[in-house]
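Okay, structure first, notes after.
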Amino acid sequence: MSGFFQRLGAIPWRSIAGEAFSRAFLVAQAFCAVHVVDHHLCSLAIVRGPSMLPAMNLAGDVVAVDRVSVRLGRVEPGDVVLMISPEDPRKAVAKRVVGMGGDSVTYLVDPGNSDAAKTVVVPQGHVWVQGDNIYASRDSRQFGAVPYGLITGKIFCRVWPLEGFGSIDSNHSQ
């Protein structure tokens, strides 16, 4: 048994522990870097559903989201944004910005059944958002102007599917 303890004592435990700690620290740094990039610079998101047809696919698109532009106030009408749903804060939704604070926005109240239109002035610090498919979108027409703070990023590029790869059209007609 003494041979076992001699071999056990000959193992460089300090060196092994130091190497293990060094590698664990490197992995922690990598996770921190990924977190900072994902939450503060640029990230990927999956967008699915009928509200943004035809700009985005019903089955879902993977899109690149710029998180810096929102913090710098560089969101303008025509941009497609990713935002926290005002109806369910656990969900993120993609909508097109139609108006900014102080803008007058005219919209169809019930586009499927009548031509009745309504005009509203968007309050300061808010945006008016609508889906491109006005017949199948829950947007500012139902829940009103959205606080700018709910916008988490500006969608600038479709990544997947590959045949749709490229920038998102910011001049899509409503």
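The values are calculated or read from the model by the stated rules, or taken from the named source; none is laboratory data. Model, not experiment: these values are computed from the prediction. Positions of Cβ are backbone-derived with ideal geometry, glycine not excepted, and every protein chain shown enters the neighbour counts.
Each row is one residue, and each column tells you yes or no for (1) of a type in the set (A, V, I, L, M, F, W, C); (2) assigned to a strand (DSSP E or B); (3) buried (at least 16 other Cβ atoms within 10 Å of the Cβ).
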{"site": "A20", "(1), (2), (3)": "yes, no, no"}
{"site": "R23", "(1), (2), (3)": "no, no, no"}
{"site": "V27", "(1), (2), (3)": "yes, no, no"}
{"site": "L44", "(1), (2), (3)": "yes, yes, no"}
{"site": "S51", "(1), (2), (3)": "no, no, yes"}
{"site": "E76", "(1), (2), (3)": "no, no, no"}
{"site": "D88", "(1), (2), (3)": "no, no, no"}
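Here are some residues: G101, G144. Which one is on the phi > 0 side of the Ramachandran plot and out of contact with any Ser or Thr (no Cβ under 9 Å at 6 or more places or on another chain)?
On the way: G101 fails: on the phi > 0 side of the Ramachandran plot.
After ruling out the rest, the residue left standing is G144.
Scanning for something in a helix (DSSP H, G or I), of a type in the set (A, V, I, L, M) and free of Cβ contacts under 8 Å to residues at least 24 places away in the same chain, does region 161-172 turn up at least one residue?
Step one: of region 161-172, the residues in a helix (DSSP H, G or I) are 162-164.
From what's left, of a type in the set (A, V, I, L, M): 162.
This time we only want the ones that are free of Cβ contacts under 8 Å to residues at least 24 places away in the same chain, so: 162.
Yes: region 161-172 contains one or more residues that are in a helix (DSSP H, G or I), of a type in the set (A, V, I, L, M) and free of Cβ contacts under 8 Å to residues at least 24 places away in the same chain.
Condition check: surrounded by fewer than 10 Cβ atoms within 10 Å (Cβ to Cβ), at pLDDT 80 or above, small (G, A, S) and not in a strand (DSSP E or B). Does S15 satisfy that? Explain how you work it out, then say what you get.
Numbers: surrounded by fewer than 10 Cβ atoms within 10 Å (Cβ to Cβ): yes; at pLDDT 80 or above: yes; small (G, A, S): yes; not in a strand (DSSP E or B): yes.
Yes: the conditions hold for S15.
So, in region 78-123, exactly how many residues are farther than 21 Å from K154 by Cα and not hydrophobic (A, V, I, L, M, F, W, C)?
Total meeting the criteria: 11.
Count, please, the residues in region 44-73 that happen to be over 16 Å from F165 (Cα atoms) and among the polar types (S, T, N, Q).
Result for region 44-73: 2.
Here are some residues: R141, R71. Which one is more than 15 Å from L44 (Cα to Cα) and either of a type in the set (V, I, T) or surrounded by 21 or more Cβ atoms within 10 Å (Cβ to Cβ) (or both)?
Numbers: R71 fails: either of a type in the set (V, I, T) or surrounded by 21 or more Cβ atoms within 10 Å (Cβ to Cβ) (or both).
That would be R141, the only listed residue that is more than 15 Å from L44 (Cα to Cα) and either of a type in the set (V, I, T) or surrounded by 21 or more Cβ atoms within 10 Å (Cβ to Cβ) (or both).
Filter region 90-129 for residues that are among the small types (G, A, S) and assigned to a strand (DSSP E or B); which is surrounded by the most Cβ atoms within 10 Å (Cβ to Cβ)?
The initial filter retains those residues of region 90-129 that are among the small types (G, A, S), namely 92, 94, 99, 101-102, 104, 112, 114, 116-117, 125.
Right, trim to assigned to a strand (DSSP E or B) and you get 92, 94, 99, 104, 117.
Numbers: A92: 17, A94: 26, G99: 21, S104: 10, A117: 10.
Checking each candidate, the answer is A94.
So which of Y107, Y148, Y135 is more than 23 Å from G60 (Cβ to Cβ), in contact (Cβ under 8 Å) with a residue 24 or more places away in the chain and over 18 Å from the mean Cα position of the chain (by Cα)?
Numbers: Y148 fails: over 18 Å from the mean Cα position of the chain (by Cα); Y135 fails: more than 23 Å from G60 (Cβ to Cβ).
Only one candidate passes the filter, namely Y107.
Answer yes or no as to whether V70 is in a helix (DSSP H, G or I) and either among the small types (G, A, S) or without any contact (Cβ under 8 Å) to a residue 24 or more places away in the chain (or both). Talk me through it step by step, then tell me what you get.
Working: in a helix (DSSP H, G or I): yes; either among the small types (G, A, S) or without any contact (Cβ under 8 Å) to a residue 24 or more places away in the chain (or both): no.
No.
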